[in-house]
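Shown next, in structure tokens, is the structure this report addresses.
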Amino acid sequence: MPHTALLQPSSWSTADQLQPTPAPAVHDWLFNEDSLTRRLTALSADAFSVTPLNEGWDTLRSDECAALGVAEGSQGWVREVYLRGHGEPWVFARSVAARSALEGSGLALDQLGSHSLGELLFSDRAFDRGALQACHYPAAWLPAAVRTDGLWARRSCFSRGPLGVLVAEVFLPAFWPAAGIQG
């Protein structure tokens, strides 16, 4: 299998660039600017949870370096989790921040555990959210247990001064029926 740093998504696109345009209900989940954590909590009638998969310092992917405006091959904090509804993995989330900006920022990503990063970012008014982008996420970038081609993903960068936290969220197959949307 090729090294994941070499793989690129078809392209991350903003809502007005995305072609073909997904169904309106899918488009709403991809480009809604509200907290995804809050929307999933409501959809699951408060049966929402976060399961950390792995986190730590690692080399960021090329697309992540470009989005964060750091040099190719930069080190960063990488956090991968499942966002679950009723125990089912609905969303795979990968959040990254460049080491150069994270160290000394006061943001303790390593202490989140099973808490939602989204809640932290949305509750801190110092963070500004950049434009939402979407793509079909490369299957090779997903955990083996949910590796599927063609899954919709979205990402945005939350910034506070020099710190950028890039958050990518991939909607897994179990999510769409739970949301009442045809797959």
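Every read-out reported here was derived from the displayed coordinates using simple, explicitly stated rules and does not represent laboratory data. These numbers were taken from a predicted model, which means no experiment stands behind them. Using ideal geometry, Cβ is built from the backbone for each residue, glycine included, and neighbour counts are taken over all protein chains shown.
Remarks
- Length-normalised contact order of region 35-152 in % [C-alpha pairs under 8 Å, at least 6 apart]: 22 percent
- Computed per residue of the chain from DSSP H runs no shorter than four, each worth -39500 (n - 2.57), the mean residue ellipticity at 222 nm is -5000 deg cm²/dmol.
- In order along region 69-84, the Karplus-derived 3J(HN,Hα) couplings, from 6.51 cos²θ - 1.76 cosθ + 1.60 at θ = phi - 60°, round to x, 10, 4, 3, x, 5, 7, x, 7, 10, 10, 10, 9, 9, 9, 10 Hz, and Gly and Pro are given as x.
- Cβ crowding within 10 Å averaged over residues, with 90-96, 78-84 ranked highest first: 90-96, 78-84
- Karplus 3J(HN,Hα) series, Hz, for region 141-146 with 6.51 cos²θ - 1.76 cosθ + 1.60 (x for Gly, Pro): 7, 8, x, 3, 5, 10
- Centre separation in Å (Cα based) which lies between region 35-95 and region 138-157: 11 Å
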